[in-house]
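**Q** Quick one: this structure, given as structure tokens, is what I'll be asking you about.
The values are calculated or read from the model by the stated rules, or taken from the named source; none is laboratory data. Nothing here was measured: the structure is a model prediction, and the numbers come from that model. Backbone-built Cβ (ideal geometry, glycine too); neighbour counts: all protein chains shown.
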């Protein structure tokens, strides 16, 4: 088994991958870890450009048959990954590359089941570098989620999370949300399981608008949050 898998969900993101992925591969090659990168193409309408990038850079490529949602893409990547630690982030790789080893260490050597980025931690350098409305909407969503589901404060929409392999298998096999609220669902199930969750500070590497706008996607996300509660009631999250 490899030590680290990096999963990158991608929808019409060939330009971002071409711009940023080479540096990530160089960084991974410099680490004393065996690793892999998986691009999960969420039904991109790009005439095969995402697949060509994967072939050019010699990374694994998985294609969903149609555009389903980021949650579905992450799930497919996590269940196909071979790493002892499995980490996902966005196609533009927005966080400092040192995060890859920092998150890996928390899972591989510190005994945590999950490590999740938290942009609100004092050590983080993120929110001051992004637009005010994006900052406000993200924080508001996290507060709502904490109140409705999680019972405590988590920066649910921070786009970097890592899982121990067996924990990833457990969580993603029972998860059902296909859109951006998958992050919330994963944390909700992890809390039900009493998994050890490490909040990690994050430093912004670059900022590029890549699709998620909580204000524009708010109704879908709130609907998914209510679905999570219903899924729990129906017994969908029981451990196998």
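**Q** Here are the criteria: (1) under 23 Å from residue 171 (Cβ atoms); (2) surrounded by fewer than 22 Cβ atoms within 10 Å (Cβ to Cβ). Tell me which single one residue 40 does not satisfy.
**A** (2)
**Q** So, one more: Which residue pairs have Cβ atoms closer than 9 Å, lie 6 or more positions apart in sequence or on different chains, and pair a first residue in the range 22-43 that is on the phi > 0 side of the Ramachandran plot and without any contact (Cβ under 8 Å) to a residue 40 or more places away in the chain with a second residue that is part of a strand (DSSP E or B) and surrounded by 17 or more Cβ atoms within 10 Å (Cβ to Cβ)?
**A** Pairs found: 43/63.
**Q** While we're looking at this one, here's another question. Within the range 192-200, is there a residue that is part of a loop (DSSP other than H, G, I, E, B), in contact with a helix residue (DSSP H, G or I) (Cβ under 8 Å, 6 or more places away or on another chain), surrounded by fewer than 16 Cβ atoms within 10 Å (Cβ to Cβ) and modelled with pLDDT of 65 or more?
**A** Scanning the range 192-200, I find no residue that is part of a loop (DSSP other than H, G, I, E, B), in contact with a helix residue (DSSP H, G or I) (Cβ under 8 Å, 6 or more places away or on another chain), surrounded by fewer than 16 Cβ atoms within 10 Å (Cβ to Cβ) and modelled with pLDDT of 65 or more, so the answer is no.
**Q** For residue 4, all conditions in the list (1) surrounded by fewer than 16 Cβ atoms within 10 Å (Cβ to Cβ); (2) at pLDDT 95 or above hold save one; what is the number of the exception?
**A** In the conditions (1) surrounded by fewer than 16 Cβ atoms within 10 Å (Cβ to Cβ); (2) at pLDDT 95 or above, residue 4 misses (1) alone.
**Q** Still on this structure, please answer the following. Could you please find all residues in the range 22-52 being part of a helix (DSSP H, G or I) and farther than 27 Å from residue 166 by Cα? Step through it out loud before you land on a result.
**A** Step one: of the range 22-52, the residues part of a helix (DSSP H, G or I) are 22-29, 49-52.
Answer for the range 22-52, where residues must be part of a helix (DSSP H, G or I) and farther than 27 Å from residue 166 by Cα: 22, 23, 26, 49, 50, 51, 52.
**Q** OK, next. Looking only at the range 57-79, count how many residues are in contact (Cβ under 8 Å) with a residue 24 or more places away in the chain, outside any strand (DSSP E or B) and either under 16 Å from residue 14 (Cα atoms) or touching a strand residue (DSSP E or B) at 6+ places or on another chain (Cβ under 6 Å) (or both).
**A** The qualifying residues number 10.
**Q** Return the residue satisfying two criteria in turn: it lies in the range 110-126 and is over 16 Å from residue 168 (Cβ atoms) and outside any loop (DSSP other than H, G, I, E, B), and of such residues it is nearest to the chain's Cα centre (by Cα).
**A** For the range 110-126, the residue satisfying everything is 117.
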